[in-house]
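Q: I have a structure here, written as C-alpha cells, and I will follow up with some questions on it.
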Amino acid sequence: MDAVIPDYADDVLSVVESIPPGAVMTYGDVARHVGRGGPRQVGRVMALYGAAVCWWRVVRADGDFLPGKAAVVLECYRKEGTPLRGGDAARVRIDMTRARWAPEPRSEQE
C-alpha cells in the first residue's frame with residue numbers, strides 16, 4: 001500500500017498494535033494515550049485504516065460489541081482469551097474490569 005497515512009492515524013494504529021492479545025482499550029483510552037483527538041477521531045481512523053491491525057481490541061466503553069461484528073469479534077476474543085461476561089451468546093460482553101489495558105504513558109521524546 002503506497003498511500004500516505006496521516007500522522008494522527010499512524011499514532012493511533014501504533015497504540016492499537018501495542019495492545020496485547022486478550023486485552024482491549026476503548027476508543028477514548030486510545031485517544032488519551034495518543035494525546036490528542038477523541039473517541040470519534042479514533043473511530044474514524046479505525047474505520048479507514050484499522051483493517052491492518054487487531055481492530056477488535058479497540059472497543060466501546062460499555063464492553064458491547066460493534067454492531068454487525070459480534071460473530072467475528074467473539075471468535076477473536078475467545079481465541080485470545082479476552083475476559084468476557086454473560087453466559088447467553090446474545091448477552092456476551094467484554095469484561096472491561098479485567099480486559100482493559102493501560103499502556104505505559106508515552107514519553108515526551110516519542
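Q: Output ³J(HN,Hα) for the range 59-74: one whole-Hz value per residue in order, computed from phi by the Karplus curve 6.51 cos²θ - 1.76 cosθ + 1.60 with θ = phi - 60°, and x for Gly and Pro.
A: Those phi angles translate into 10, 5, 5, 8, x, 5, 7, 5, x, x, 10, 4, 5, 5, 6, 4 Hz.
Q: What is the percent carbon and sulfur in the accessible area of the chain, measuring with a 1.4 Å probe over the protein chains and ignoring ligands?
A: Numbers: 3420 of 6850 Å².
Percent of accessible area from carbon and sulfur atoms in the chain: 50.
Q: What are the ³J(HN,Hα) values, in whole Hz, obtained from phi via the Karplus relation 6.51 cos²θ - 1.76 cosθ + 1.60 with θ = phi - 60°, for each residue of the range 25-31 in sequence order, with x given for Gly and Pro?
A: My calculation for the range 25-31 gives 10, 7, 4, x, 4, 4, 4 Hz in order.
Q: Then there's this: Relative to the Cα centre, what is the charge dipole magnitude of the chain, using +1 at the beta carbon of each Lys and Arg, -1 at the beta carbon of each Asp and Glu, and rounding to the nearest 20 debye?
A: Working: 15 positive and 15 negative charges, 113 e Å.
Using Cβ point charges on Lys, Arg, Asp and Glu, the chain gives about 540 debye.
Q: Two-decimal Rg/Rh of the chain from alpha-carbon positions, Kirkwood Rh? List each step's numbers first, then the result.
A: Numbers: Rg = 14.0 Å, Rh = 14.4 Å.
Computed over Cα atoms, the ratio is 0.97.
Q: Pull out the extension gain between GLU75 and MET96, defined as 0.36 nm times the separation in residues minus the alpha carbon to alpha carbon distance; nm, one decimal.
A: On the way: separation 21, 0.36 × 21 = 7.56 nm, distance 1.74 nm.
Full extension of this stretch gives 5.8 nm more.
Q: Let me ask something else. Name the most mobile residue of ALA47, ALA23, ALA31, meaning the one with the largest mean-square fluctuation, in a Gaussian network model of the chain with Cα contacts below 10 Å.
A: Its mean-square fluctuation being the largest, the pick is ALA47.
The values are calculated or read from the model by the stated rules, or taken from the named source; none is laboratory data. Bear in mind that the values here come from a model prediction, so they are computed numbers and not experimental data. Positions of Cβ are generated from backbone atoms using ideal geometry, with glycine treated the same way; all protein chains shown enter the neighbour counts. The area values use the complete protein model at the heavy-atom level, side chains included, leaving out ligands, DNA and RNA. Shrake-Rupley method; radii C 1.70, N 1.55, O 1.52, S 1.80 Å.
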